[in-house]
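The values are calculated or read from the model by the stated rules, or taken from the named source; none is laboratory data. The structure presented is a predicted model; accordingly, all values stated were derived computationally and were not measured. Because the Cβ atoms are built from the backbone with ideal geometry, glycine has one as well, and the counts that use them run over all protein chains shown. With ligands, DNA and RNA removed, areas are computed over all heavy atoms of the protein, side chains included. Shrake-Rupley method; radii C 1.70, N 1.55, O 1.52, S 1.80 Å.
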Amino acid sequence: MGRLFVESLEGNVYSCKHCKTHFALLEDIVSKAFHCRHGKAYLITNVVNVTFGEKEERMMITGMHIVADIFCVCCGSIVGWKYESAYEKSQKYKEGKFILERFKVLGPDGSTYQGIPEAQFAESDADEE
């Protein structure tokens, strides 16, 4: 394996809760009103230091989407997914954006989110607007 290059971000940073690798800046958050299996999730325009899983169709509360899971480039933890495409016209705004599951990242102040039991949410991406 080659040398690993990790991008460091400056400012209010969301990072991996396991290895503290930077993922995104606070100002890149589009919405904090999304939900996933573990509770809250953030829709974000730009994410760094992740690798991508296989693209797959996934049924969400808001309809069918093609997504790819994203993983921390340093420790390999799954931290969310990328919206590759949406079938519903009303969901097209998500295309090319990322979900970071709040349960799996540290907030800008180093805080963690406790999440909720998995049984309360199926695959979800519903926003509360």
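Out of segment 65-86, which residues are part of a strand (DSSP E or B), open to solvent by 10 Å² or more (accessible area, probe 1.4 Å) and not small (G, A, S)?
Going residue by residue through segment 65-86, those that are part of a strand (DSSP E or B) are 65-72, 78-86.
Of the ones still in play, those that are also open to solvent by 10 Å² or more (accessible area, probe 1.4 Å) are 66, 69, 71, 78, 82, 84-85.
Answer for segment 65-86, where residues must be part of a strand (DSSP E or B), open to solvent by 10 Å² or more (accessible area, probe 1.4 Å) and not small (G, A, S): I66, D69, F71, I78, K82, E84.
Filter segment 54-80 for residues that are in contact (Cβ under 8 Å) with a residue 24 or more places away in the chain, over 19 Å from S8 (Cα atoms) and of a type outside the set (A, V, I, L, M) and give the result.
Hits for segment 54-80 are K55, R58, T62, G63, H65, G80.
Given the criteria more than 19 Å from P108 (Cα to Cα) and more than 11 Å from the chain's Cα centre (by Cα), does A86 qualify?
Yes.
Got at least one residue in segment 109-125 being at pLDDT 95 or above, of a type outside the set (A, V, I, L, M, F, W, C) and open to solvent by less than 20 Å² (accessible area, probe 1.4 Å)? Please lay out each step first, then the result.
Filtering segment 109-125 down to residues at pLDDT 95 or above leaves none.
The answer is no, given that none of the residues of segment 109-125 is at pLDDT 95 or above, of a type outside the set (A, V, I, L, M, F, W, C) and open to solvent by less than 20 Å² (accessible area, probe 1.4 Å).
Just wondering, is there one or more residues in segment 27-36 that are in a helix (DSSP H, G or I), loosely packed, with under 14 Cβ neighbours inside 10 Å and at negative phi? So that I can check it myself, show each step before the final result.
First, the residues of segment 27-36 that are in a helix (DSSP H, G or I): 27-28.
Now restrict to residues that are loosely packed, with under 14 Cβ neighbours inside 10 Å: 27.
The next check asks that each one be at negative phi; those that pass are 27.
Yes, segment 27-36 has at least one match.
Anything in segment 44-64 that is buried (at least 21 other Cβ atoms within 10 Å of the Cβ) and in contact with a helix residue (DSSP H, G or I) (Cβ under 7 Å, 6 or more places away or on another chain)? List them, or say none.
I44
Condition test on A86, is it touching a residue at least 12 places away in the same chain (Cβ under 8 Å), hydrophobic (A, V, I, L, M, F, W, C) and farther than 21 Å from N12 by Cα? Lay out the reasoning, then the answer.
On the way: touching a residue at least 12 places away in the same chain (Cβ under 8 Å): yes; hydrophobic (A, V, I, L, M, F, W, C): yes; farther than 21 Å from N12 by Cα: yes.
When the stated conditions are applied, A86 passes them.
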